C-alpha cells in the first residue's frame, strides 16, 4: 500500500518531468541547427520557379519549343492562309476545293463578329507538309467564283517578300495635319487602290495601308492625307460606311 501511495503522490509525478527539463540544454546540443540548411534552400530557390505551377509552365514551354524545332510537320508548317475568297464560300465548300489536292485537317473561314459576313479570307490546315506545298502550287493564283485567291503559309517571313516595296511605300508617304483614318479595309486593298478611291472627292496628298509587323499582310486599316481640312470633311461625308473592294469601310479624322 505504501508503494501504491508513493506512485500517486504529486511530488513523484513532478519529479521526472523536472529532471527532463533540466537536461533539455544537453539534448538541444544534439539537434542540428536550422541554419545548416539555409545554403541548400538558397541554392534551390529560383525567381523563375516560385511555385510548382511556374515550374510546370517552364518545362511545358521548353518541351513545346523542342518539339517544334524537331518536327517539320508542325501545325505552323501545314497551316495555310487563303485570301480574297468569295463571301459565299463557307467551310464545307473550301474543304471540298482543297481536298482535291490533299487531305485537309481543318478549315476556318473568318467571319465578321458584328455583321456575320465572311471577311474574304480563311485558314486551312493540311494533314501533311507535302499536301500544304501541293495546294500552294496548284491553287495560289487560281480563281474561285471569279476571284483570284492567294494561298501561302501563314505568317510568311519578310525574307521571302520584297522588303524594298514596303520601304518604298513608307518613304513615299506624305504626312499632313489633314488626315483621315480608314478602317475595316479588305485584305485586297493596296495603297494605290486606297489613294485612287479617295481621289474622287478631294486632293489626296498620299495614302498608305498599314501592314502587320514583319509580314507583307494588311492590318486592315490605313491613312489618307489631304491638302485641306475641307477635303477631310468631304472624304468623311462621302466615304464613311461606303464599300471598297466589297467591304464597308469606316472613315474618321486621324
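The values are calculated or read from the model by the stated rules, or taken from the named source; none is laboratory data. These numbers come from a predicted model, not from an experiment. Positions of Cβ are backbone-derived with ideal geometry, glycine not excepted, and every protein chain shown enters the neighbour counts.
Condition (residue is within 18 Å of the chain's Cα centre (by Cα) and either assigned by TED's automatic domain parsing to the domain that holds residue 137 or surrounded by 20 or more Cβ atoms within 10 Å (Cβ to Cβ) (or both)) applied to region 90-108: is it met by at least one residue? Walk me through how you get there before you give the answer.
We begin by selecting, within region 90-108, every residue within 18 Å of the chain's Cα centre (by Cα); these are 108.
Subset that is either assigned by TED's automatic domain parsing to the domain that holds residue 137 or surrounded by 20 or more Cβ atoms within 10 Å (Cβ to Cβ) (or both): 108.
Yes, some residue in region 90-108 is within 18 Å of the chain's Cα centre (by Cα) and either assigned by TED's automatic domain parsing to the domain that holds residue 137 or surrounded by 20 or more Cβ atoms within 10 Å (Cβ to Cβ) (or both).
Just to be sure I understand the filter: pairs with C-beta atoms under 7 Å, separated by 6 or more residues or on different chains, first member in region 184-195 and part of a helix (DSSP H, G or I), second member at pLDDT below 85. Which pairs pass?
Pairs that qualify, where the first residue is part of a helix (DSSP H, G or I) and the partner is at pLDDT below 85, are 191/169.
Out of all the residues in region 156-174, is one or more modelled with pLDDT of 90 or more and over 24 Å from the mean Cα position of the chain (by Cα)? Give the derivation first.
Step one: filter region 156-174 for residues modelled with pLDDT of 90 or more, giving none.
No: zero hits.
Within region 211-226, track down each residue that is exposed (fewer than 14 other Cβ atoms within 10 Å of the Cβ) and either assigned to a strand (DSSP E or B) or on the phi > 0 side of the Ramachandran plot (or both).
So the first thing to find is which residues in region 211-226 are exposed (fewer than 14 other Cβ atoms within 10 Å of the Cβ), and the list is 212-214.
Answer for region 211-226, where residues must be exposed (fewer than 14 other Cβ atoms within 10 Å of the Cβ) and either assigned to a strand (DSSP E or B) or on the phi > 0 side of the Ramachandran plot (or both): just 214.
Among the residues of region 227-254, count how many are touching a residue at least 12 places away in the same chain (Cβ under 8 Å), assigned to a loop (DSSP other than H, G, I, E, B) and within 19 Å of residue 117 (Cβ to Cβ).
Within region 227-254, residues that are touching a residue at least 12 places away in the same chain (Cβ under 8 Å), assigned to a loop (DSSP other than H, G, I, E, B) and within 19 Å of residue 117 (Cβ to Cβ) number 4.
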